[in-house]
Amino acid sequence: MTIVLNHTIVPASDKQRGAEFLAALLGVEVSAPAGPFVPVRINEDLTLDFDDRSGGRNGHYAFLVDDATFDAALAFAQRSGSDWGSAPRTVDYQINHLGGGRGVYVLDPDGIAYELFTAVPE
């Protein structure tokens, strides 16, 4: 059997806010609550389940995306007033060009860094 990551728990100070931020960033929907979690289905194989029972923590989640998704995510980061930049924990409001594509790190209110890139960084 091929190993596929199916879901992971994202610790958040406010699970609904955290889920809505990621959904807006990636242009996907927040799913109905499931038990103590607010899930965000990233694709048919992966769900991120937001949980606020232990509070928020810094984290890092990286996504390979197409150009249209990258452009929409960057526009969301700009209009939402989120901190973002070209490297981890760097707020320089620039993108990078690692691997010949474009990359950016967008911070959510809990300090989770969502990395989006259009080519796998080398």
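Worth pointing out:
- Residues in the stretch 3-43 average 54 Å² of solvent-accessible surface per residue, probe 1.4 Å, ligands and nucleic acids excluded.
- Taking every alpha-carbon pair under 8 Å whose residues sit at least 6 apart, the stretch 57-122 reaches a relative contact order of 40 percent.
- Choice from Ala62, Ala73, Ala34 showing the highest fluctuation, given a GNM over the chain with Cα pairs closer than 10 Å: Ala34
- Rounded Å value of the spacing that divides the Cα centres of the stretch 2-26 and the stretch 51-91: 12
- Between helix 67-80 and the chain there is an angle of about 80 degrees, using the helix long axis and the longest principal axis of the Cα atoms.
- The magnitude of the dipole of the chain, with charges of +1 and -1 set on the Cβ of Lys/Arg and Asp/Glu and taken from the Cα centre, is near 220 debye.
- Between the Cα long axis of helix 15-26 and the first principal axis of the chain there is an angle of about 40°, rounded to the nearest 10.
- In order through the stretch 27-39: 3J(HN,Hα) via Karplus (6.51 cos²θ - 1.76 cosθ + 1.60), integer Hz, x for Gly, Pro: x, 10, 9, 7, 8, 4, x, 10, x, x, 10, 10, x
- Apportionment of accessible area to carbon and sulfur, the chain, percent (1.4 Å): 52
- Semi-axis lengths, largest first, of the ellipsoid equivalent to the stretch 1-105 are 24, 17, 13 Å, with √(5λ) applied to each eigenvalue of the Cα gyration tensor.
- Placing unit charges on the Cβ atoms only, positive for Lys and Arg and negative for Asp and Glu, gives the stretch 55-122 a dipole magnitude near 140 debye about its Cα centre.
- Across the stretch 1-73, Cα pairs under 8 Å and at least six residues apart give a relative contact order of 39 percent.
- Of all the options Ser54, Ser13, Ser31, the one that moves most in a Gaussian network model of the chain with Cα springs shorter than 10 angstrom is Ser54.
- Only protein heavy atoms count here; on that basis, with a 1.4 Å probe, Glu20 has an accessible area of about 100 Å².
- Relative contact order, percent, the chain [alpha-carbon distance under 8 Å, six or more residues apart]: 24
- Exposure check, 1.4 Å probe, all protein chains in place: Tyr93 carries approximately 110 Å² of accessible surface.
The values are calculated or read from the model by the stated rules, or taken from the named source; none is laboratory data. Being a predicted model, the structure only gives us computed values, none of them experimental. Virtual Cβ from ideal backbone geometry, glycine too; neighbours counted across all protein chains shown. Quick note on the areas: whole protein, heavy atoms, side chains included, nothing else; ligands and nucleic acids left out. Shrake-Rupley method; radii C 1.70, N 1.55, O 1.52, S 1.80 Å.
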